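Just below is one structure, and these are the notes that go with it.
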Amino acid sequence: MAGLLLSEFHELVEDALGRPSLNARVPRRVAMAAASIERNYTFQYMRTWRILTASPDAEYPHILSLHNIEVKGVDLLRIRRESEDVAGEYLFDRPMKKVKPQDRETRGFGIPESYWINGRSSLVLNSIPEEITVFEAHLVEFTKWQKDTDNWTHWLLDNATQLLLARTMMMLAMGPARDAGLWQIYKTEWETEIKTFNVSEEEIQSDDLVQVWEPPEYVERDDSLRSA
């Protein structure tokens, strides 16, 4: 069954607001509300699995590009190796440590053991791999909200409709609507909804889940920076 489309959610907001003159403001406020939720909370859908590759032939072989990924945080980064004993099996090095730039005084050649985050654009390794090296990354990612794509759908639209609606209405009330009473109504709704979601997120993140390390639909790609 198709999920709730962004255009349909915009209509929900317009109906709740009941002020046609402000309908043009709705898409931007929805995007702002979603960004606010993701900045302040981390839901399970934001935790992602990625494969990144560093190549000694790249212009900057010690940099793992995060092109087109909006990173909120790194839960884990480690080297993945193919097993020489069992076909199709992978071995993983110990998780790499995240360090501060000033903690690194040299950058030699060899197996990377630590990294630091360069803004949100890349991960900088403490050493230069001498061969193609594959990394497994578990990240926390922000959503690139497609506010102008009517048929777009998202986890928040399907599973947190009331939560997102309440946050959107609060932002409209604080901004273009300038309605303190409307803000208070949806603030109460927001507080009720966020308590429910925090409980459910704590449960899912604390459960012993069997993880699939290599999703069959995932296609590996080389995310390292390459010279022209």
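The values are calculated or read from the model by the stated rules, or taken from the named source; none is laboratory data. Just so it is clear, the model here is predicted, and its values are computed rather than measured. For neighbour counting, all protein chains shown are included, and Cβ atoms are generated from backbone atoms with ideal geometry for every residue, glycine included.
Structure data summary
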| item | result |
| --- | --- |
| Tally of residues being at pLDDT below 95 and basic (Lys, Arg) across region 143-177 | 2 |
| Count of region 71-94 residues which are part of a loop (DSSP other than H, G, I, E, B) and surrounded by fewer than 14 Cβ atoms within 10 Å (Cβ to Cβ) | 8 |
| Enumeration of residues in region 1-25 that are surrounded by fewer than 16 Cβ atoms within 10 Å (Cβ to Cβ) and basic (Lys, Arg) | 19 |
| Qualifying residue in region 202-223 (condition: surrounded by 12 or more Cβ atoms within 10 Å (Cβ to Cβ) and modelled with pLDDT of 95 or more) | no |
| Members of region 26-47 that are surrounded by 15 or more Cβ atoms within 10 Å (Cβ to Cβ), outside any helix (DSSP H, G or I) and aromatic (Phe, Trp, Tyr) | 43 |
| Hits in region 47-89 - residues which are in contact with a strand residue (DSSP E or B) (Cβ under 8 Å, 6 or more places away or on another chain) and free of Cβ contacts under 8 Å to residues at least 24 places away in the same chain | 82, 83, 89 |
| Region 27-46 residues that are touching a residue at least 24 places away in the same chain (Cβ under 8 Å), paired with ones that are outside any helix (DSSP H, G or I) and surrounded by 15 or more Cβ atoms within 10 Å (Cβ to Cβ) (beta carbon under 6 Å, 6 or more apart) | 27/147; 31/145; 31/147; 34/145; 38/142; 42/140; 46/140; 46/141 |
| Breaking point among (1) part of a helix (DSSP H, G or I); (2) of a type in the set (Asp, Glu); (3) at pLDDT below 95, for residue 189 | (3) |
| Filter pass, residue 53 being of a type in the set (S, T, N, Q) and either within 17 Å of the chain's Cα centre (by Cα) or assigned to a loop (DSSP other than H, G, I, E, B) (or both) | no |
| Odd one out for residue 98, checked against (1) assigned by TED's automatic domain parsing to the domain that holds residue 119; (2) in contact with a His (Cβ under 9 Å, 6 or more places away or on another chain); (3) of a type outside the set (Ser, Thr, Tyr) | (2) |
| Residue check for residue 133: modelled with pLDDT of 95 or more, surrounded by 14 or more Cβ atoms within 10 Å (Cβ to Cβ) and in contact with a helix residue (DSSP H, G or I) (Cβ under 9 Å, 6 or more places away or on another chain) | no |
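Yes/no per residue for (1) of a type in the set (Phe, Trp, Tyr); (2) modelled with pLDDT under 95; (3) under 30 Å from residue 24 (Cα atoms); (4) touching a His at 6+ places or on another chain (Cβ under 9 Å):
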| site | (1), (2), (3), (4) |
| --- | --- |
| 86 | no, yes, no, no |
| 103 | no, yes, no, no |
| 116 | yes, yes, no, no |
| 139 | no, no, no, no |
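Residue-by-condition table, conditions (1) over 23 Å from residue 43 (Cβ atoms); (2) assigned by TED's automatic domain parsing to the domain that holds residue 91:
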{"site": "118", "(1), (2)": "yes, yes"}
{"site": "121", "(1), (2)": "yes, yes"}
{"site": "132", "(1), (2)": "yes, yes"}
{"site": "171", "(1), (2)": "no, no"}
{"site": "178", "(1), (2)": "yes, no"}
{"site": "181", "(1), (2)": "yes, no"}
